[in-house]
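Here the structure is laid out as structure tokens; the discussion comes afterwards.
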Amino acid sequence: MSFRTRILCALGAVGLVPLSLAASFSFAASKTELERTVGRAQAAAAAEAARGCERFIARALESLRISTGMLPLRELTRDELAKVLGIPYRQLDFVRALALLDYDGALLAPPVVGPFISGTGDPAHVQRFLAHVPLRLAIDAGTAIGSAYRDDGESLIAVALQVRGERSVVAAEVSLGEIEQRMRQLAGEDVARVVDGLGEVLAGSTTTPLSAAERDLVAAAAAGRPISRVVAGANGTRWLASAAAVPQIGWTVLVAQPTDEAFRPAHHVRFYSALWAAVALLLIAVLGVVLSRGLTGPMEKLSQAVAQLGDGRYDVDLDIERGDEIGRFADAFRRMAGDLRRRDDEIRRWNAELQARVDQGTRELRTAQDQILRTRRLAALGSLGAGIAHELNNPLTAVTGLLTLLRLDLQPDSPQAATIQQALDQSFRMAKIVSELRAFAEQERGEGRTFPLDRPVRAALDHYAGQLAKQNIRVVTDLAASSRQTQGDPARIQRAVANVVENAIQAMPQGGELKVELTDVDGEALKLSISDTGEGIPAALRERIFDPFFTTKKNGAGVGMGLSVSHSIVEAHHGRILVESEEGKGATFIIFLPAAAPAAHLA
């Protein structure tokens with residue numbers, strides 16, 4: 001705690017604490033007395049309003065009983081009953097609808113709803129009225145009052161009277177407009193409502209639903225005498241509310257006003273107490289500032305310098321030149337800032353260097369892991385392929401030889417000759433698969449020899465020249481642009497190129513153009529591009545085309561080893577094979593091989 005704060009706290013404790021305690025006691029006492037006085041007056045008003053509601057309902061039921069009791073209902077026909085019901089309907093201004101029902105709830109005459117004509121009015125209004133008629137209760141008790149509802153903004157209740165000597169009930173829709181008007185007059189600028197036993201608003205100056213606290217107040221009033229308390233409204237506003245029960249009907253009158261209005265005199269006491277407290281606080285502040293200015297000014301500068309130092313700004317200009325303890329402290333702070341700046345610069349240099357080393361190590365480790373994983377996977381597949389090729393080659397050779405001998409013993413036009421020829425074709429196909437498996441297994445190579453790359457490329461194109469011409473595929477070559485040589489096994493390079501060319505031929509069954517181009521890459525590598533105008537490769541399959549046994553050819557046209565073998569051969573020669581393709585626009589396979597020079601391997 002600063003010196004200025006200690007001075008202000010001491011002065012505040014002496015001047016403000018007694019004043020605050022006195023103001024709090026005065027406000028609490030005023031509020032308690034106001035709550036008792038205003039609550040008593042509100043409770044009396046609520047009780048009087050409850051008696052008025054009871055008188056209105058009693059008068060309405062008695063008027064309805066007298067009006068309908070004089071009618072000769074037994075002697076009238078259905079149409080005459082409808083006309084006769086219009087008489088009490090016009091006489092009783094609080095009645096909005098009349099209906100005559102039997103004990104099963106069936107209408108004995110059209111209900112009177114319109115101002116002059118029976119059986120008219122909104123059907124939905126009529127149905128809502130009939131749905132709220134307490135028929136069973138009226139049959140049992142003779143008189144019954146239903147639950148309240150609203151129609152076109154008007155509060156209504158349905159009442160039912162048993163016709164004496166008849167198995168029928170007169171039902172009436174009674175408007176609570178008179179009660180609602182009385183509630184508005186009683187409320188003035190406050191709130192007055194009549195609610196039923198479930199806490200639903202029947203009539204009043206507002207139709208806002210009751211909050212949980214207001215419902216508790218209504219329940220407490222229904223069990224005894226009128227009661228008043230402070231409650232929280234539905235919108236969070238606090239009210240001083242009073243409730244009184246209408247015992248014969250089961251309703252409750254609720255009168256409330258905001259606590260800000262009810263406790264206004266107490267708030268005035270609190271306001272003036274706060275005003276004098278503010279004046280006292282102002283005087284304390286002026287006195288504290290005068291006493292503490294000589295100490296707090298230099299300490300504030302030191303605090304700002306510390307904050308700048310914490311943000312990493314070391315060029316702190318601390319203009320404190322004094323010969324006392326504060327001056328010596330400022331000198332120590334300047335020396336500390338200089339030491340921190342030197343150490344921070346050193347740490348930043350070390351962090352930058354360490355981060356660079358970590359990034360480089362991470363990249364090298366990721367590359368090594370990728371190479372190890374792919375090498376292990378290909379090695380495992382190569383071992384499996386070599387084993388399968390070894391086990392299948394000898395029996396396949398025997399089968400092929402036996403089938404050849406068997407075909408020689410048959411006549412060319414024999415039916416068995418065609419079957420044996422099909423078996424031989426399938427045997428040759430199996431031999432090709434075994435050969436591809438063996439080629440895939442041969443992933444490592446020796447140093448080999450240097451050779452121009454265009455020779456195995458031309459040999460691969462010559463091998464498929466007949467098939468290219470047969471499928472109407474035009475070949476465009478540009479193999480003279482590179483004068484550099486590569487190193488390795490030309491036969492295996494020819495096989496890798498041949499597999500790519502074969503894949504391009506299969507991608508252009510309707511003909512097209514095959515473009516083969518050989519160029520140098522900065523004198524360090526050779527770039528061979530093989531482009532076709534075929535169907536292209538979908539993006540979802542582009543990463544899998546070099547996987548062993550993956551193929552998109554139908555009807556057993558291939559086993560998916562060609563591109564995988566090419567990939568293995570190119571990587572064994574320290575090269576890379578890439579593919580660029582867009583579905584429907586052909587594909588381009590790019591083979592990079594290092595030029596024949598020391599350590600000229602492609603990274």
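Assorted remarks:
Yes/no matrix, rows are residues, columns are (1) touching a residue at least 12 places away in the same chain (Cβ under 8 Å); (2) in a helix (DSSP H, G or I); (3) surrounded by 14 or more Cβ atoms within 10 Å (Cβ to Cβ):
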site: Thr37; (1), (2), (3): no, yes, no
site: Ala44; (1), (2), (3): yes, yes, yes
site: Ala47; (1), (2), (3): yes, yes, yes
site: Cys53; (1), (2), (3): yes, yes, yes
site: Phe56; (1), (2), (3): yes, yes, yes
site: Glu62; (1), (2), (3): no, yes, no
site: Glu80; (1), (2), (3): no, yes, no
site: Gly86; (1), (2), (3): yes, yes, yes
site: Leu98; (1), (2), (3): yes, no, yes
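- Listed by first and then second residue, the pairs linking a residue in segment 260-272 that is farther than 16 Å from Leu21 by Cα and assigned to a helix (DSSP H, G or I) to a residue that is aliphatic (A, V, I, L, M) and at pLDDT 70 or above, with Cβ atoms under 7 Å apart and 6 or more places separating them unless they lie on different chains, are Ala262/Leu34; Ala262/Val38; Ala262/Leu240; Pro265/Leu34.
- Failed item, numbered, when Val255 is tested on (1) at pLDDT below 85; (2) surrounded by 14 or more Cβ atoms within 10 Å (Cβ to Cβ): (1)
- Among residues of segment 209-232, those that are at pLDDT below 80, more than 20 Å from Arg36 (Cβ to Cβ) and in a loop (DSSP other than H, G, I, E, B), counted: 1
- Restricting Gly511, Gly556 to residues that are at pLDDT 85 or above, under 21 Å from Tyr464 (Cα atoms) and either of a type in the set (Gly, Ala, Ser) or not assigned by TED's automatic domain parsing to the domain that holds Thr486 (or both) narrows the list to Gly511.
- Condition check for Val358: surrounded by fewer than 14 Cβ atoms within 10 Å (Cβ to Cβ), modelled with pLDDT of 70 or more and closer than 29 Å to Cys9 by Cβ: no
- In summary, helices (runs of 4 or more DSSP H) completely within segment 370-482 and bearing 2 or more residues that are at pLDDT below 75 and either outside the structural domain of Lys515 (by TED's automatic domain parsing) or more than 57 Å from the chain's Cα centre (by Cα) (or both) occur at 415-441.
- Hey, Leu71 crowded, with 17+ Cβ neighbours inside 10 Å and either in contact with a Gly (Cβ under 6 Å, 6 or more places away or on another chain) or not in a loop (DSSP other than H, G, I, E, B) (or both) or not: no
- Residue satisfying condition, being assigned to a helix (DSSP H, G or I) and among the charged types (D, E, K, R), within set Arg184, Arg164, Arg150, Arg193: Arg184
- When each of Ala305, Ala278, Ala262 is tested for being closer than 27 Å to Ala10 by Cβ, at pLDDT 70 or above and not charged (D, E, K, R), the lone residue that passes is Ala278.
The values are calculated or read from the model by the stated rules, or taken from the named source; none is laboratory data. These numbers come from a predicted model, not from an experiment. Note that each Cβ is placed from the backbone with ideal geometry, even for glycine, and that neighbours are counted across all protein chains shown.
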